[in-house]
1. From (1) in a loop (DSSP other than H, G, I, E, B); (2) without any contact (Cβ under 8 Å) to a residue 40 or more places away in the chain; (3) touching a helix residue (DSSP H, G or I) at 6+ places or on another chain (Cβ under 7 Å), pick out the condition that doesn't hold for residue 51.
2. Go through the range 78-94 residue by residue and tally those that are in a helix (DSSP H, G or I) and either modelled with pLDDT under 95 or surrounded by fewer than 14 Cβ atoms within 10 Å (Cβ to Cβ) (or both).
3. Name the residues in the range 65-77 that are assigned to a helix (DSSP H, G or I), in contact with a helix residue (DSSP H, G or I) (Cβ under 8 Å, 6 or more places away or on another chain) and either surrounded by 19 or more Cβ atoms within 10 Å (Cβ to Cβ) or touching a residue at least 40 places away in the same chain (Cβ under 8 Å) (or both), would you?
4. Can you tell which of 62, 26, 14 is at pLDDT 95 or above and in a loop (DSSP other than H, G, I, E, B)?
């Protein structure tokens, strides 16, 4: 999305380390749509994110919030990362 006038969804009860893990994932999702990101790097960011939000319900909640403000789908990127063996993830459609 060219217009980056949005804030990442965040729970201010998270520690600084947890916030960094979540922000790193949101940035990785943006890269997957905008320029591409190394698949392994994305999966590492996702794994760290899951340390903060291990439950599927919480992941979906935050993912929906991120998608509503950014237009980018965490679900689509994760699905592509799991099914492809390509080195670089680049999501071409929203």
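1. All conditions are met except number (1).
2. Count: 3.
3. The initial filter retains those residues of the range 65-77 that are assigned to a helix (DSSP H, G or I), namely 65-70, 74-77.
Filter once more, keeping what is in contact with a helix residue (DSSP H, G or I) (Cβ under 8 Å, 6 or more places away or on another chain): 66-67, 70, 74-75, 77.
If the condition is that a residue be assigned to a helix (DSSP H, G or I), in contact with a helix residue (DSSP H, G or I) (Cβ under 8 Å, 6 or more places away or on another chain) and either surrounded by 19 or more Cβ atoms within 10 Å (Cβ to Cβ) or touching a residue at least 40 places away in the same chain (Cβ under 8 Å) (or both), then 66, 70, 74, 77 are the ones that fit.
4. Result of the check over 62, 26, 14: 14.
The values are calculated or read from the model by the stated rules, or taken from the named source; none is laboratory data. Here the structure is a predicted model, which means the values were calculated and not measured. Don't worry about glycine lacking a Cβ; one is built from the backbone with ideal geometry, like all the others, and counts go over all protein chains shown.
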